[in-house]
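The values are calculated or read from the model by the stated rules, or taken from the named source; none is laboratory data. Just so you know, these numbers come straight off a predicted model, no measurement behind them. Note that we place each Cβ from the backbone using ideal geometry, even for glycine, and neighbour counts take in every protein chain shown. Protein only, heavy atoms only, side chains kept; ligands, DNA and RNA dropped before computing areas. Shrake-Rupley method; radii C 1.70, N 1.55, O 1.52, S 1.80 Å.
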Amino acid sequence: VIWNIAPTQTIGRVDLTATIRHVGSRWGDNANTRKVEGFTILDLAAGLRFGRSASVMVRGRNLTDRLYTQSISNTAGRLEPPRSIDVTFSMNSWRF
């Protein structure tokens, strides 16, 4: 079972988004002998638009700081990143 919900609210020039993603337990190998634990993560974002051409966004990812694997094989697994925060500035110079 996989589900994702990402409500977004715009208040004036501010955009707010919360994303909750759940991935249930699943088999990690072709022989269905290794079970991978499910996980649920939370991401939050807030963006501010400046006019029509610029914006800044602050995004927090994996805010529950859950240690989880997205994929696993017989010999290795891939751990997903821990809690992180990033800031993005965007500018669009195209005029229509």
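From most to least packed by mean Cβ count within 10 Å, the peptides 22-29, 56-63, 82-89 give 56-63, 22-29, 82-89. A Förster distance of 41 Å, applied to the separation of the beta-carbon atoms of residue 93 and residue 37, puts the FRET efficiency at 0.35.
Rounded to the nearest 0.05, the FRET efficiency derived from the C-beta distance between residue 85 and residue 2 at R0 = 25 Å is 0.50.
Ignoring ligands, DNA and RNA, please state the percent of accessible area on the chain from carbon and sulfur, probe 1.4 Å. Intermediate results must be reported in sequence, preceding the final value.
Values: 4150 of 7130 Å².
Carbon and sulfur: 58 percent of the exposed surface of the chain.
Using a simple charge model, +1 on the beta-carbon of Lys and Arg, -1 on the beta-carbon of Asp and Glu, nothing else, what dipole does the chain show about its Cα centre, in debye to the nearest 20?
Rounded to the nearest 20 debye, it is 240 debye.
If a spin label sat at a point 7 angstrom from the Cα of residue 78 along the line to its beta carbon, the backbone N atoms of region 21-35 nearer than 18 Å would be those of 22-24, 26-30. Projecting the Cα atoms of 50, 77, 24 onto the dipole axis of the chain, where Lys and Arg carry +1 and Asp and Glu carry -1 at the beta carbon, places 50 farthest toward the positive end. Taking all protein chains into account, the per residue accessible area for the chain stands at 74 Å² (1.4 Å probe).
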